[in-house]
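These notes concern the structure reproduced below.
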């Protein structure tokens, strides 16, 4: 995500609450919060290679367990 710089300068006799109000309005207009919340729980898909490796490990482990069951070493 690209970095966005939002700057708010104090105007004359302006108090802190009005500066915060202007700052929050600018953030809402820039849609930064919506973008962050939207991508918050998105996970990257696993690559095909990692999926294949996981599947192969599972298959090998199943064969080992089956072999141990036949030998009576595992319930």
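Placing one equal scatterer on every Cα of the chain and applying the Debye formula, the log10 ratio I(q)/I(0) at q = 0.13, 0.14, 0.15, 0.22 Å⁻¹ is -0.66, -0.70, -0.75, -1.00.
Against the main long axis of the alpha-carbon atoms of the chain, helix 16-30 sits at an angle near 50°. In the chain, the longest principal axis of the Cα atoms and the axis of helix 48-71 are about 30 degrees apart.
Rounded to the nearest 500 deg cm²/dmol, what is the calculated helix-only ellipticity per residue at 222 nm for the chain, with -39500 (n - 2.57) per DSSP H run of length n ≥ 4? Don't skip to the end; give the middle numbers.
Values: 3 runs with 46 residues, N = 75.
Value at 222 nm, helices only, nearest 500: -20000 deg cm²/dmol.
Taken over the range 1-42, the alpha-carbon convex hull comes to 64 cubic angstrom per residue. Modelled label positions at residue 50 and residue 5, each set 7 Å beyond Cα in the direction of Cβ, lie 3.5 nm from each other.
Every number here is computed from the coordinates shown, using simple stated rules; none is lab data. Everything quoted here is computed from the prediction, not taken from an experiment. For neighbour counting, all protein chains shown are included, and Cβ atoms are generated from backbone atoms with ideal geometry for every residue, glycine included.
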